Every structure is written in C-alpha cells, then in structure tokens.
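Structure, as structure tokens:
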Amino acid sequence: MQESIGHIIWSTCYLSVLIGLSAYGIHRYFIIYLYLKNRKRPPVPARYFEQLPKVTVQLPIFNEMYVAERLLRSVSELDYPQELLQIQVLDDSTDETREITTACAEELRQRGFNVQRTHRTDRTGFKAGALGVGLAAAEGEFLCILDADFVPEKDLLKRTVHFFTDPKVGMIQTRWGHLNRGYSLLTRMQAIFLDGHLLLEQIARSRSGRFFNFNGTAGLWRRSCIEQSGGWQHRWTKGSVQTCKKLLPSVWRSQLPFAIKLEATCHLMSNFAYLLLAILCVLLYPSSGGPPVGWVRTVLVEIPIFLAASASVGLFYICAQRELHPATWIKELLFLPCMLALGIGLSLNNARAVVEAMINHKSDFTRTPKYGIERKSQSWRSCKYRPLKSALPLAELAFAIYFSYFVVHAIMHRQFFSVPFLLMFQGGFLYVSLSSFLSRWSKFNLGSSRARATIPA
C-alpha cells in the first residue's frame with residue numbers, strides 16, 4: 001500500500017514537472033512563430049533627427065584590467081560628433097584598472113573628448129549603483145551602456161539614436177556578436193545560447209509589439225524613461241525573478257490584451273524552467289529504474305512531452321543558427337547536444353538563484369571575470385582574476401556520478417532510447433563541475449567572454 005501511494009506521489013510530481021517544462025517548450029514554438037512572421041519587417045526610424053542629440057556613453061567597470069583600455073579606445077572611435085558625446089567611466093575598481101582608466105581618460109581629454117571618470121570606494125548597488133551615480137551627472141538626453149568587454153561598431157550610435165524620434169521609444173537593445181566564439185567549446189556553446197535569445201526572442205517580441213528586456217549592456221535608453229521607472233535594478237537569473245515578482249501583478253492589472261499578458265508571464269517566469277529542470281533531475285530515478293513502459297504511455301505521454309519540452313529547444317537554436325549563419329549552420333548543429341548538456345549542467349546554479357529570489361535572500365552581485373581573449377593563441381592561465389569559490393561544483397559532481405549509474409543501468413536493461421538523454425545529463429553536470437574545479441587550478445583552457453555590439457532588435 002505504501003509503495004503504491006509513493007508511486008502515485010512520484011508520478012504526480014514527475015508528470016507535473018514535465019507538463020511545466022512542456023509549457024515552456026510550447027512557448028518556445030510560439031516565439032519561433034512570431035520571429036518567422038516578423039523577420040522581414042526590419043525596424044525603421046519614424047524619422048531622422050535634423051540635429052543629432054547629445055548622447056552619454058556609460059562604461060561601468062570593476063577590476064577589468066585586461067579590457068578597460070580596449071573599451072575606452074573603441075568608444076573614442078565611434079562615428080558621432082565629438083561635441084555631442086559624453087563618456088562616463090564609472091570605475092569602481094580596486095586594482096590596476098584604476099590607473100589604466102585614469103591614463104586613458106586623460107589621453108582622451110587631451111584629444112578633445114568630454115570624459116568624466118568617477119571612482120567609488122563604496123560599491124553600494126554594484127553596477128546598478130554606479131549607473132545611478134552616472135545618471136545624476138549625465139549630460140545627454142540619451143544614454144548608451146556598454147560593459148567592459150564590448151567593442152562597439154563605429155556606427156552604433158548613428159544606426160540607433162534616430163529611433164528615439166518616436167516619443168514612444170524608451171529603450172533600444174542591440175544584438176551582439178562574439179570576438180572569441182571559436183576559442184573553446186564553452187565559448188561556442190555560450191554563443192549559441194545568446195544567439196537564440198538575441199535573434200529570436202528579442203526580434204520576435206519587439207517587432208510583434210510585446211514586452212522585451214534590456215540585457216544589461218549594449219543598449220540605449222531615453223534618460224527620462226529610466227528616471228520614471230524608478231532607476232536601476234539588479235539583473236541576470238536572480239534579478240529576473242525579482243523583476244517577475246515586482247512586475248507580474250502590474251501586468252495582469254493592466255488593460256493589455258490577454259495574449260500580451262500571457263506572453264509577458266511566460267517571459268518573466270522563463271527562469272523557473274531551471275528550477276523545474278533541477279527537480280526533474282531528482283525525480284528521474286524511478287523513471288529510469290522502473291518497469292518497462294507500454295506503448296500506450298509512450299504514444300500518449302512520452303512522445304507528446306518530448307516534442308513539446310525537448311524538440312522545441314533543438315528547433316529554437318537550429319532556427320537561430322540557420323538565420324545567422326546560412327552557409328555554416330549545419331556545422332554549428334554539431335554542437336547542439338553539447339549546448340543542451342551545458343544548459344542541464346547549469347540548472348543547479350540557476351535553480352539556486354531562482355529559489356533565493358523567491359525567498360528574498362539577499363546576496364552580493366558577482367561579476368564574470370573578463371580576460372580580453374580574442375584568439376586561440378591567447379591564454380588566461382596567468383590572468384589575475386579567478387572565479388569565486390563555491391561548494392556548488394561538488395553537488396554538480398554528485399549529480400554527474402548519479403547519472404553515470406543511470407547510464408549503466410539503462411544499458412544493462414537494454415533501455416537504449418534513454419541512453420542519449422541520460423548522457424546529456426551526465427555530461428552536462430560533469431563538464432560544469434570539472435570546469436569550475438579546473439578553472440581554479442588554471443591548468444586547463446576553458447575560458448569564456450563576449451562581444452561586439454551590432455544591430456538593433
């Protein structure tokens with residue numbers, strides 16, 4: 001009796017998680033539909049400024065000694081009237097970066113640039129706090145924000161600022177490429193992840209009149225829009241869940257159409273998929289070790305859920321790569337299993353962030369170290385910056401061992417259909433955990449980076 005009740009509870013939880021993941025998968029199909037429907041309607045400014053407006057370029061920096069000089073020099077090469085350009089170097093650094101930004105800022109001033117360098121010893125609010133301080137001293141009506149690892153194209157401002165002739169436009173998010181896309185397996189997978197978001201999601205939402213998000217960098221803002229919305233907030237997985245808690249009730253109280261509200265809900269709650277995926281990892285044991293399933297369950301449950309939850313992910317990124325790399329997209333598909341495995345491997349870390357946001361757990365904002373690597377000949381092994389230490393890789397390694405048992409069990413019981421999926425779980429957790437350990441020892445090349453700002457979504 002107890003075994004029967006336990007099986008019912010597990011089955012209910014397992015199917016609930018799969019249905020939840022399937023809902024996200026169906027939403028992904030909807031994003032693909034919106035993109036294909038609107039991809040041939042590129043954005044066009046309502047009109048062009050007769051006199052270009054003043055723009056403030058904000059450069060939030062914290063301990064970026066390897067990329068800070070490159071950033072400032074690339075900004076100085078923007079094709080925009082020098083007298084209409086203010087450059088804010090918002091440097092909270094505690095290392096040699098301070099001397100680098102000081103020297104670069106002085107050099108640009110001598111060349112006639114309006115450069116303001118601000119250094120804070122109290123990092124209240126972290127990046128958001130630095131941007132807030134810069135906003136108070138900004139001279140431009142419009143602000144362009146660039147992270148330290150960006151190299152903006154020279155015509156970035158001229159290709160984007162004219163969209164602000166429409167008073168309804170408050171923010172412009174540009175898409176970016178990757179300076180070190182082929183540096184390692186990790187950077188290539190990260191690039192594929194970002195391609196899917198920046199191409200499909202951003203374009204689908206912006207061109208269909210739905211809400212889309214600012215990615216924290218490589219975007220332009222109307223100053224009044226930031227001020228009226230209450231200033232800056234934190235970002236990434238934890239920040240997005242906090243934003244969901246803050247904005248979702250307002251979305252549903254608004255007079256917006258139901259379809260817009262529903263898509264906004266899926267958008268704001270997208271990172272909850274990582275929590276469901278982490279729960280699925282725990283619930284998979286009975287699924288793999290139980291008795292063989294019949295064809296009725298396979299046809300009515302497993303195939304539909306596979307098409308909704310799993311196939312949608314593959315199709316989503318295939319579509320993005322085919323659009324971005326029409327000549328080589330098939331080659332990019334060889335990395336798709338690795339990319340899916342990486343997403344699984346990151347599920348514990350992202351699920352933790354979701355839970356922390358749900359329970360209002362406060363934590364410091366942690367930046368991603370950037371090494372200025374653009375070519376395979378460069379190495380980050382001798383670089384000063386190191387990722388923060390955490391016990392999470394131990395849990396990820398435990399899950400890798402956990403799924404290794406599943407792989408062996410499935411082979412021994414001739415459940416060969418399950419083996420490729422189980423290998424993705426095993427490989428994803430193993431890769432993420434070992435990458436964390438090895439990066440601390442600095443003996444292996446597993447580095448990552450971004451980005452060149454390109455075109456508006």
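A few notes on this one:
- The stretch 55-115 and the stretch 121-166 have Cα centres separated by 12 Å.
- Think of a 1.4 Å ball rolled over the protein heavy atoms: the stretch 36-157 then has 44 Å² of accessible area per residue.
- Over the stretch 119-225: Kirkwood hydrodynamic radius from C-alpha pairwise inverse distances, Å: 15.7
- log10 of Debye I(q)/I(0), alpha-carbon scatterers only, for the stretch 79-148 at 0.11, 0.22 Å⁻¹: -0.27, -1.06
- Volume per residue for the stretch 153-289 equals 162 cubic angstrom (convex hull of Cα atoms).
- For the stretch 151-196, convex hull volume per residue from C-alpha positions, Å³: 82
- If R0 is 22 Å, the Cβ-Cβ spacing of residue 168 and residue 260 corresponds to a FRET efficiency of close to 0.90.
- Carbon + sulfur, % of accessible area of the stretch 1-147 - ligands and nucleic acids excluded, 1.4 Å: 57
- Charge dipole of the stretch 64-195 about the Cα centre (unit charges at C-beta), most positive-ward option of 130, 80, 119: 80
- Sequence-separation-based contact order of the stretch 1-124, relative, with Cα cut under 8 Å and 6+ spacing, percent: 22
- For the stretch 1-148, the equivalent ellipsoid derived from the Cα gyration tensor has semi-axes of 47, 26, 13 Å, listed largest first.
- With N counted as the residues of the stretch 21-106, its alpha-carbon radius of gyration over 2.2 N^0.38 Å works out to 1.71.
The values are calculated or read from the model by the stated rules, or taken from the named source; none is laboratory data. Being a predicted model, the structure only gives us computed values, none of them experimental. Quick reminder, even Gly has a Cβ in these numbers, built from the backbone with ideal geometry, and neighbours come from all protein chains shown. Quick note on the areas: whole protein, heavy atoms, side chains included, nothing else; ligands and nucleic acids left out. Shrake-Rupley method; radii C 1.70, N 1.55, O 1.52, S 1.80 Å.
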